[in-house]
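The values are calculated or read from the model by the stated rules, or taken from the named source; none is laboratory data. Keep in mind that what you see is a predicted model, and the values were worked out from it rather than measured. Virtual Cβ from ideal backbone geometry, glycine too; neighbours counted across all protein chains shown. Accessible surface is based on the protein model in full, side chains and every heavy atom, while ligands, DNA and RNA are left aside. Shrake-Rupley method; radii C 1.70, N 1.55, O 1.52, S 1.80 Å.
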Amino acid sequence: MNTRIGTIGTASPLAVDAHPMIDPFGRAVTYLRVSVTDRCDFRCTYCMAENMTFLPKKDLLTLEELDRLCCAFVAKGVRKIRLTGGEPLVRKNIMYLVRRLGEKIGSGLDELTLTTNGSQLSRHAEELYECGVRRINVSLDTLHPDKFRKITRWGDFAKVMEGIDAAQKAGLKIKLNAVALKDFNDTEMPDLLRFAHGRGMDLTVIETMPMGEVDEDRTDQYLPLSELRADLEKQFTLTDIDYQTGGPARYVRVTETGGRLGFITPMTHNFCESCNRVRLTCTGTLYMCLGQNDAADLRAALRATEDDALLQAAIDEAITRKPKGHDFIIDRTHNRPAVARHMSVTGG
Ligand SMILES: Nc1nc2c(ncn2[C@@H]2O[C@H](COP(=O)(O)OP(=O)(O)OP(=O)(O)O)[C@@H](O)[C@H]2O)c(=O)[nH]1
Ligand SMILES: C[S@@+](CC[C@H](N)C(=O)[O-])C[C@H]1O[C@@H](n2cnc3c(N)ncnc32)[C@H](O)[C@@H]1O
Ligand code: SF4
Ligand code: SF4
């Protein structure tokens, strides 16, 4: 096997497999999304029910164990790691993991990033930058504090704005994520776009996906992005561009603002054929697809022995089970979500 040697920081050498993991459909798996906790300080209506039951804390892997798992994936060809959740910045001592992962940048890992609701960002922004994070995604569905409280149930708009300010001041590049919700933020998109671009941030809009039971009717919330795009085109000139982040968005340039707008359309135009990612949960379960139930238990292999051979074999076996795509459907005849687990378990 062809290997190259990198280093973790200045210390232990990390054997990196020069061949990426290839799934049964010929797709290279180079992107790992890690849900470091299923807990969150918000209760967004499209993501969680108000009365959520979370995993018992005793079931969580330690941050050292998560680091070891990430290391095993980097050794197998993963180049990009995104921390997510739940809310990644509410996990106790999360900066320990960020620091450890940051040490792998340039030694196998190209990018370490995170997706956050922004509530805790103001106190972590500088340290994130110090640890090698350069780009983060912040979820923001509205610019109105009262609507923000309504959609997040528990969120404080001012804290998120503080977080965005602090992150930009620290030098972090931000992409805003907004889930497009019918009769909630559809008419506000031009304002969100001007706000994001006015502050030098990309904006991506996302179609809501049917994951987990929530208190709302998803059919009422769902807005196909083709409709949103047609509405935006009444005010803006949108030109398709070939901009790639390794994520699922397809981007356009907005002539009037000069900024980038991304469309994430899992429902109307899925991007599964170019899927490059798998998802690890905070209990060590690996989901090979966001929109399927099949999963592999990596915790057993992780805890069985200190030798990574078993772990790497378990990862290889899991990749052979990566499915072609999801089975999401949203319509009035499908009243149950396609996937029972909530988005917060796998981190989107
Ligand atoms: N169906 C599907 N949705 C995804 C996938 N990856 C990300 N998403 C959704 O895309 C939205 C934005 O995700 P982010 O966490 O910001 O990540 P990203 O868009 O991949 O990030 P970039 O690296 O900035 O492109 C979330 O709602 C995710 O659930 C995927 O593999 N499949
Ligand atoms: C699950 S959150 C986890 C990270 C962090 N708490 C946050 O909100 O950014 C990751 C992304 O998934 C999106 N999301 C959550 N539930 C969704 C759903 N049902 N359909 C589409 N996107 C969803 C959120 O808007 C967010 O951008
Ligand atoms: S979308 Fe993010 S912030 Fe909102 S409830 Fe889900 S995990 Fe929390
Ligand atoms: S739905 Fe599954 S196959 Fe499609 S892009 Fe997402 S993770 Fe990949």
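Structure summary
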{"read-out": "Other-chain or far-sequence residues with amide H under 5 Å of L114's (modelled H)", "value": "L83, N137"}
{"read-out": "Value of [θ]222 nm, deg cm²/dmol, for the chain, DSSP H segments ≥ 4, -39500 (n - 2.57) each, nearest 500", "value": "-8000 deg cm²/dmol"}
{"read-out": "Free-standing Cys residues across the chain, given no other cysteine C-beta under 4.7 angstrom", "value": "C40, C70, C71, C131, C272, C275, C282, C289"}
{"read-out": "For L181, distant residues with modelled amide H under 5 Å away", "value": "D186"}
{"read-out": "About the Cα centre, charge dipole magnitude for the chain (Lys/Arg +1, Asp/Glu -1 at Cβ), debye", "value": "540 debye"}
{"read-out": "Three-way shape call for the stretch 31-179 based on the alpha-carbon gyration tensor, with the a/c threshold at 1.5", "value": "oblate"}
{"read-out": "Global geometry of the stretch 209-263, whether rounded, prolate or oblate, following the gyration tensor of its Cα atoms and the 1.5 cut on a/c", "value": "oblate"}
{"read-out": "Computed FRET value (nearest 0.05) for D186 with D165, which takes r as the C-beta separation and R₀ as 41 Å", "value": "0.95"}
{"read-out": "Under the Karplus curve 6.51 cos²θ - 1.76 cosθ + 1.60, θ = phi - 60°, whole-Hz ³J(HN,Hα) for the stretch 246-261, x wherever Gly or Pro sits", "value": "x, x, x, 6, 9, 9, 10, 9, 9, 4, 5, 9, x, x, 9, 10"}
{"read-out": "Three-way shape label, the stretch 263-343, alpha-carbon gyration tensor, a/c 1.5", "value": "prolate"}
{"read-out": "Degrees between helix 121-130 axis and first principal axis of the chain (Cα, 0 to 90, nearest 10)", "value": "50 degrees"}
{"read-out": "Of K58/K169; K175/K234; K104/K159; K76/K159; K169/K322; K58/K147, those spanning more than 28 Å from alpha-carbon to alpha-carbon", "value": "K58/K169; K104/K159; K76/K159; K169/K322; K58/K147"}
{"read-out": "Cut-off under 5 Å, modelled amide H: who pairs with V339 long-range", "value": "G212"}
{"read-out": "Karplus-derived 3J(HN,Hα), 6.51/-1.76/1.60, for each residue of the stretch 282-299, Hz, glycine and proline x", "value": "6, 9, x, 8, 10, 9, 7, 8, 4, x, 9, 8, 4, 8, 10, 8, 8, 5"}
{"read-out": "In Hz, Karplus ³J(HN,Hα) per residue of the stretch 85-99 (6.51, -1.76, 1.60; θ = phi - 60°; x = Gly, Pro)", "value": "x, x, 9, x, 7, 8, 6, 4, 6, 4, 5, 4, 5, 4, 5"}
{"read-out": "Accessible-area composition of the stretch 22-327, carbon plus sulfur, in percent [1.4 Å probe]", "value": "49 percent"}
{"read-out": "Separation of alpha-carbon centers, the stretch 141-215 and the stretch 71-91, rounded to whole Å", "value": "23 Å"}
{"read-out": "Per residue, in Å², the accessible surface of the chain once ligands and nucleic acids are set aside, probe 1.4 Å", "value": "43 Å²"}
